[in-house]
Structure formats: C-alpha cells, structure tokens
Amino acid sequence: MAIASLPRVNAGIYADMLHRAAATLGGVSRLALRLEAPPEEVRKWIAGAEEPPLAAFLEALDVVAQGPYARGFRRLRVAAIRTG
C-alpha cells in the first residue's frame, strides 16, 4: 500500500521519522544522499508539505533504528574476481 493512499492524519509521523533520520545522519543533505533523492524534495517531506515514497519512509525507519551506527553506512561494492 502506498503512503499516498493512507490517511493524511499520519503525515506527521512520516515527517517526524524523516526529521529524526536527518538528525541521525547529520543533516538533510546526508539523508538525501542516503535516500537518493534531491535535498529540496526531502525538505518538503520533512516539512509535511508532501508525503514521501514508501521506500524513503522505510529507509528513514532503518536509519533511526540503527541509531548512531547509521553514520557508518556505506554502499557495498562487489567485484568479480576471475582466476585462471
């Protein structure tokens, strides 16, 4: 179920979670990088002006759940090693 189809009453919950995630990561710019979204868009979500995509909200939940350890987030890069 997409967030857009949920009651608007919950919009504050999404904005609060994104705000907490931004605080955990050290700012909106860092959260935007993590969410792979433009910072302007993330600011709208935090302000409650627009509802975030479900994937962005769930990623924010993960950031908050990881707490201070979220700062160490790094994308995993995998390389194939050929032998022979």
Give the number of residues within the stretch 30-67 that are closer than 14 Å to ARG20 by Cα and either in contact with a Ser or Thr (Cβ under 7 Å, 6 or more places away or on another chain) or touching a residue at least 60 places away in the same chain (Cβ under 8 Å) (or both).
3
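Here's the yes/no breakdown for (1) under 9 Å from the mean Cα position of the chain (by Cα); (2) at pLDDT below 90; (3) not in a helix (DSSP H, G or I):
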residue	(1), (2), (3)
ARG34	yes, no, no
ALA65	no, no, no
ARG77	no, yes, yes
THR83	no, yes, yes
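The values are calculated or read from the model by the stated rules, or taken from the named source; none is laboratory data. The structure presented is a predicted model; accordingly, all values stated were derived computationally and were not measured. Neighbour counts run over all protein chains shown; Cβ positions are idealised from the backbone, glycine included.
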